[in-house]
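Everything on this sheet refers to the single structure shown next.
The values are calculated or read from the model by the stated rules, or taken from the named source; none is laboratory data. Not measured: the values here are computed from a predicted model. Cβ: placed from backbone, ideal geometry, glycine included. Neighbour counts: every protein chain shown.
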Amino acid sequence: MTGPLSPATGTLLAKGAYDNGFDVERAGSGGWLAFASTRSPLWLWLGGAGDQGLVAAFSRRNVGQALTEHGRPFPCTLPDGALIARVVPDVSALHRMLRRAFQLSLALPDELLVKFQKRTAALPKSTEAERLVVQRVGQDLFRAGLVDYWEGRCAVTGLAVVELLRASHIKPWADCETDAERLDVYNGLLLAPQLDAAFDRGLMTVADDGTVVVSGLLSDGDRHVLGLEVVLQVRRLEAGHRAFLAWHRERVFGPRGGGPA
């Protein structure tokens with residue numbers, strides 16, 4: 001940090017916070033402006049980094065670590081409550097980083113689980129019908145979390161028509177041992193409908209490097225119709241995804257037979 005902010009810089013930073021979901025200004029200190037959100041548990045601090053640009057610090061380490069496409073780690077003396085900081089070169093980059101941080105804060109473990117527990121605490125769970133209502137709450141939260149994590153785009157094709165996209169569990173809901181697994185955003189891919197169906201039926205899977213692997217059971221003609229005749233890649237895979245994908249390759253893709261072409 002380089003000391004007090006100019007009024008102009010402070011105004012730009014505050015606008016970046018408010019425009020991207022951090023709508024509660026808190027008491028700052030040491031040259032930092034501080035913000036919270038009425039929709040997210042994430043706290044945010046903003047400041048200047050001299051000729052290096054603008055710096056943001058976050059109260060959740062997993063959010064800061066997931067911002068690999070948005071700025072670089074910034075070693076500095078952090079304000080109380082902050083765990084990690086990143087620096088960006090300009091205001092436009094700051095807006096992009098803060099928007100992504102807000103999305104991640106709504107989805108990363110264990111935020112969906114906490115929301116699920118709050119929303120279902122008072123719901124009865126004795127009958128099958130009641131348990132299905134609880135499950136629907138969880139599935140709706142899971143979909144919303146995937147839409148936030150993947151920014152409303154298919155993880156493979158980039159299709160951005162949210163109404164068409166499917167929240168695809170990597171390890172299916174029924175096979176998960178805990179609600180934490182069921183509602184782990186890393187246990188899901190947001191997929192275009194035809195890819196969701198192929199993934200669910202074990203006709204495609206994803207390698208650890210993100211490459212889409214297609215079953216030999218699909219003919220060249222089938223691949224063409226499904227858009228799988230070219231090499232495809234999943235973006236933004238994290239270690240959390242890879243643990244679930246290993247399960248999918250062994251338990252869903254493998255038993256279908258044929259294997260990759």
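In the range 5-21, which residues are modelled with pLDDT under 95, crowded, with 16+ Cβ neighbours inside 10 Å and in a loop (DSSP other than H, G, I, E, B)?
Of everything in the range 5-21, just one residue is modelled with pLDDT under 95, crowded, with 16+ Cβ neighbours inside 10 Å and in a loop (DSSP other than H, G, I, E, B), namely L5.
For the range 169-191, which positions are surrounded by fewer than 23 Cβ atoms within 10 Å (Cβ to Cβ), in contact with a helix residue (DSSP H, G or I) (Cβ under 7 Å, 6 or more places away or on another chain) and small (G, A, S)?
A180
Being under 30 Å from F142 (Cα atoms), part of a strand (DSSP E or B) and over 17 Å from the mean Cα position of the chain (by Cα): is that true of A57 here?
Considered against the rule, which asks whether it is under 30 Å from F142 (Cα atoms), part of a strand (DSSP E or B) and over 17 Å from the mean Cα position of the chain (by Cα), A57 comes out as yes.
Please tell me if F142 is in the same structural domain as H169 (by TED's automatic domain parsing), in contact with a strand residue (DSSP E or B) (Cβ under 8 Å, 6 or more places away or on another chain), of a type in the set (F, W, Y) and over 17 Å from G16 (Cβ atoms).
yes
So, of the residues in the range 159-189 that are touching a residue at least 40 places away in the same chain (Cβ under 8 Å) and among the small types (G, A, S), which turns out to be farthest from E250 (Cα to Cα)?
This residue is A180.
Please identify the pairs in which a residue from the range 51-71 that is assigned by TED's automatic domain parsing to the domain that holds L98 has its Cβ atom under 8 Å from the Cβ atom of a residue that is of a type in the set (G, A, S) and assigned to a loop (DSSP other than H, G, I, E, B), counting only partners at least 6 apart or on another chain.
V55/A49; A56/G71; A57/A82; F58/A82; S59/G81; S59/A82
So V24 ticks every box in (1) under 22 Å from V114 (Cα atoms); (2) of a type in the set (V, I, T); (3) surrounded by 21 or more Cβ atoms within 10 Å (Cβ to Cβ) but one. Which box is left unticked?
Among (1) under 22 Å from V114 (Cα atoms); (2) of a type in the set (V, I, T); (3) surrounded by 21 or more Cβ atoms within 10 Å (Cβ to Cβ), V24 violates only (3).
So C76 passes all but one of these: (1) surrounded by fewer than 19 Cβ atoms within 10 Å (Cβ to Cβ); (2) free of Cβ contacts under 8 Å to residues at least 40 places away in the same chain; (3) assigned by TED's automatic domain parsing to the domain that holds A56; (4) not basic (K, R). Which condition number does it fail?
Exception for C76: condition (2).
Looking at the structure I just gave you, is R86 closer than 25 Å to L146 by Cα, assigned by TED's automatic domain parsing to the domain that holds T178 and of a type outside the set (S, T, Y)?
The answer is no for R86.
Give the residue that is farthest from V63 (Cα to Cα), with candidates limited to residues of the range 111-124 that are surrounded by 10 or more Cβ atoms within 10 Å (Cβ to Cβ) and not hydrophobic (A, V, I, L, M, F, W, C). Break it down stepwise before answering.
Taking the range 111-124 as the starting set, the residues that turn out to be surrounded by 10 or more Cβ atoms within 10 Å (Cβ to Cβ) are 111-117, 119-120, 123-124.
Remaining after also requiring not hydrophobic (A, V, I, L, M, F, W, C): 111, 115, 117, 119-120, 124.
Working: E111: 11, K115: 17, Q117: 21, R119: 24, T120: 26, P124: 34 Å.
Step by step, filter the range 111-124, then rank; the result is P124.
Scan the range 140-150 for residues that are of a type outside the set (A, V, I, L, M, F, W, C) and surrounded by 15 or more Cβ atoms within 10 Å (Cβ to Cβ) and jot them down.
Scanning the range 140-150 gives R143, G145, D148, Y149.
Name the one entry in R39, R86 that is assigned to a strand (DSSP E or B) and charged (D, E, K, R). Break it down stepwise before answering.
On the way: R39 fails: assigned to a strand (DSSP E or B).
R86 is the lone residue from the list that is assigned to a strand (DSSP E or B) and charged (D, E, K, R).
Among the residues of the range 23-62, which ones are over 21 Å from P89 (Cα atoms) and hydrophobic (A, V, I, L, M, F, W, C)?
V24, A27, A36, L42, W43
Evaluate the following for R223: is it over 23 Å from the mean Cα position of the chain (by Cα) and in a helix (DSSP H, G or I)?
yes
Could you grab the pairs with beta carbons closer than 7 Å, sequence gap of 6+ or different chains, first residue in the range 229-246 and surrounded by fewer than 14 Cβ atoms within 10 Å (Cβ to Cβ), second one hydrophobic (A, V, I, L, M, F, W, C) and in a loop (DSSP other than H, G, I, E, B)?
R235/A155
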